[in-house]
1. In the range 222-245, what count of residues is obtained for those that are closer than 25 Å to Thr311 by Cα and in contact with a helix residue (DSSP H, G or I) (Cβ under 8 Å, 6 or more places away or on another chain)?
2. I need the full set of residues from the range 66-91 which are in contact (Cβ under 8 Å) with a residue 24 or more places away in the chain and not in a loop (DSSP other than H, G, I, E, B), in order please.
3. Which ones in the range 254-272 are touching a residue at least 40 places away in the same chain (Cβ under 8 Å), farther than 14 Å from Ser309 by Cα and part of a helix (DSSP H, G or I)?
4. Restricted to the range 21-43, and to residues that are aliphatic (A, V, I, L, M) and crowded, with 24+ Cβ neighbours inside 10 Å, which residue is nearest to Ser89 (Cα to Cα)?
5. Taking the criterion of being over 24 Å from Gln2 (Cα atoms), over 22 Å from the mean Cα position of the chain (by Cα), of a type in the set (S, T, N, Q) and part of a helix (DSSP H, G or I), would at least one residue in the range 44-56 satisfy it?
6. If I ask for residues that are of a type in the set (S, T, N, Q), at pLDDT 95 or above and either touching a Gly at 6+ places or on another chain (Cβ under 8 Å) or not in a helix (DSSP H, G or I) (or both), which ones from the range 290-314 would you list?
7. Report whether or not Thr76 is surrounded by 15 or more Cβ atoms within 10 Å (Cβ to Cβ), in contact with a Lys or Arg (Cβ under 9 Å, 6 or more places away or on another chain) and polar (S, T, N, Q).
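The values are calculated or read from the model by the stated rules, or taken from the named source; none is laboratory data. Values in this document were obtained by computation on a predicted structure and should not be read as measured data. We place every Cβ from the backbone using ideal geometry, glycine too, and count neighbours over all the protein chains shown.
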Amino acid sequence: MQYNLLGNTGLQVSELCFGTMSFGGDADETESAKMYAACRDKGINFFDCADAYSNGKSEEILGRLIKDHRDELIVTSKCFINIKGDRNSAGANRRHILSAVEDSLKRMGTDRLDVLFMHRWDNTVPLEETLRALEKLVSDGKVMHLGASNYSAWQIAKALGISERNNWPRFDVIQPMYSLVKRQVEVEILPFAQEENLGVITYSPVGGGLLSGKYTKENRPANARISTNKEYASRYKEDWVYEVAENFSALAKEKGVHPVSLAVRWASHNPAVTCPIIGARNLEQLQPSLASTEIEMTDALYAEISALSRTPPPATDRLEEQA
């Protein structure tokens, strides 16, 4: 396992981050513990969570698992989504942020989060209010570093400008979606992150399971997540992504590697990416992601894989300048 610096934080994190979204949901506590142990045995020291995962159960389970060695780990969580049902228990307003973090700390049994991500952008609240609330959490020692998940490049840039103007702690880490079939972040977000030396941990490197080898142009398993989850079904509804999945699986077979391993390794090879977030429902499903570090991703192989999918045009849309 290799370790990378997480942007400007000075923290060294494993080249894979484990996402705990399945804890307390698809994975019960016993299965969660097995996956956690496998990650630790592999050398992973970076664990991503959110209060919305299984309505707080993921944080509770992760908290129990990290209890005896908390200081060895880099642990994150997120806030924004309403998990209580009350109309004011959501968003990026000061009241909710401060309350949500207190609840997360209690559920996880820890005195601080290494990174707190804002889970979504909130267009109902002045960004200054959000950032001032986050500044208080850092000043109080309850949060070490700040992050933004699912923000666009201009939203991140605006936040960094406000933070610099007010001498507040800035977003040090971002968490965008990124896979062979979801490459929009290559246009502005990843170049911007490199320019500002932001830590980048990307989620869904296997495209919600699309790149796992189960999907082809003609075969779309009825019991798989993309078929049963409305959000994922909408995210991966275009026919071309299934053609990419089929061709990608064929290439993985030709190279003699599991498609999941290859998908994760491809996502990690982008120079702007600190590490991809891996996840699974059970230990068996997790193994190919853990094995991704064993693949030698040459520039030639990276280009060969990239050529299977659509490269998004530059932000200016001047395609001739890419020639």
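1. So the answer is 7.
2. Within the range 66-91, Ile66, Lys67, Arg70, Glu72, Ile74, Val75, Thr76, Ser77, Lys78, Cys79 qualify.
3. Once the filter is applied, which keeps residues that are touching a residue at least 40 places away in the same chain (Cβ under 8 Å), farther than 14 Å from Ser309 by Cα and part of a helix (DSSP H, G or I), the range 254-272 yields Lys255, Pro259, Val260, Leu262, Val264, Ser268.
4. Result: Ala27.
5. no
6. Hits for the range 290-314 are Thr298, Ser309.
7. No; evaluated as a whole, the condition is false for this residue.
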